[in-house]
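The block underneath contains the structure these notes are about, expressed in structure tokens.
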Amino acid sequence: MKNFDLSVVVEAHFVPEQSDSAQNHFAFAYKVRITNIGQRPVQLISRHWVIVDGQNKRQEVKGLGVVGQQPLLAPGESFEYTSGCPLATPVGSMRGVYHCAGDDGEPFDVDIPEFVLAMPRTLH
């Protein structure tokens with residue numbers, strides 16, 4: 001087991017009540033669960049998301065923390081949050097990186113695997 005290691009699990013879903021397909025506005029929410037699976041405390045410092053819509057238009061979002069917080073996770077501890085992403089197409093994807101620091105100040109990155117954002121019945 002690594003000294004510093006995080007598990008990241010993402011669940012995404014379409015938000016119809018905040019979407020308007022006639023205006024090419026498709027809203028998605030995603031819930032993220034971050035768990036410290038390492039042996040020492042870890043703090044999430046910042047995030048970097050890469051968002052790609054169905055027309056291959058790419059946008060990047062960078063900033064400190066997540067939902068206004070920079071959670072400090074003891075070994076075995078989890079932090080969960082929900083956020084959202086608007087797209088101009090009914091299908092897209094997100095992937096990213098969390099920039100973190102161990103309790104000794106050692107920086108490290110945690111990749112967030114790509115996940116699909118899709119309005120129901122748009123993918124086969």
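The values are calculated or read from the model by the stated rules, or taken from the named source; none is laboratory data. It should be emphasised that the depicted structure is a prediction, and the values quoted were computed from it without experimental measurement. Note that we place each Cβ from the backbone using ideal geometry, even for glycine, and neighbour counts take in every protein chain shown.
Of the residues making up the range 73-111, those that are hydrophobic (A, V, I, L, M, F, W, C) and surrounded by 15 or more Cβ atoms within 10 Å (Cβ to Cβ) are L73, F79, C85, L87, V91, M94, V97, C100, A101, F108, V110. The single condition from (1) crowded, with 16+ Cβ neighbours inside 10 Å; (2) farther than 28 Å from R121 by Cβ that S7 fails is (1). The condition of being part of a strand (DSSP E or B) and more than 12 Å from the chain's Cα centre (by Cα) holds for only one of A12, A27, that being A27. Please determine, by comparing only the residues of the range 30-54 that are touching a Ser or Thr at 6+ places or on another chain (Cβ under 7 Å) and not in a strand (DSSP E or B), which one is farthest from P107 (Cα to Cα). If we take residues in the range 30-54 being touching a Ser or Thr at 6+ places or on another chain (Cβ under 7 Å) and not in a strand (DSSP E or B), then G54 is farthest from P107 (Cα to Cα). Among what's in the range 74-111 and is of a type in the set (D, E, K, R) and outside any strand (DSSP E or B), pick the residue that is farthest from the chain's Cα centre (by Cα). Per the criteria, the residue is D104. The residue that is surrounded by the fewest Cβ atoms within 10 Å (Cβ to Cβ), counting only those in the range 112-124 that are hydrophobic (A, V, I, L, M, F, W, C) and within 14 Å of the chain's Cα centre (by Cα), is V116. Among the residues of the range 51-68, the ones that are buried (at least 16 other Cβ atoms within 10 Å of the Cβ) and either of a type in the set (S, T, Y) or more than 14 Å from H99 (Cβ to Cβ) (or both) come to 4 in all. Could we say that E17 is at pLDDT 95 or above and within 12 Å of the chain's Cα centre (by Cα) here? The answer is no for E17.
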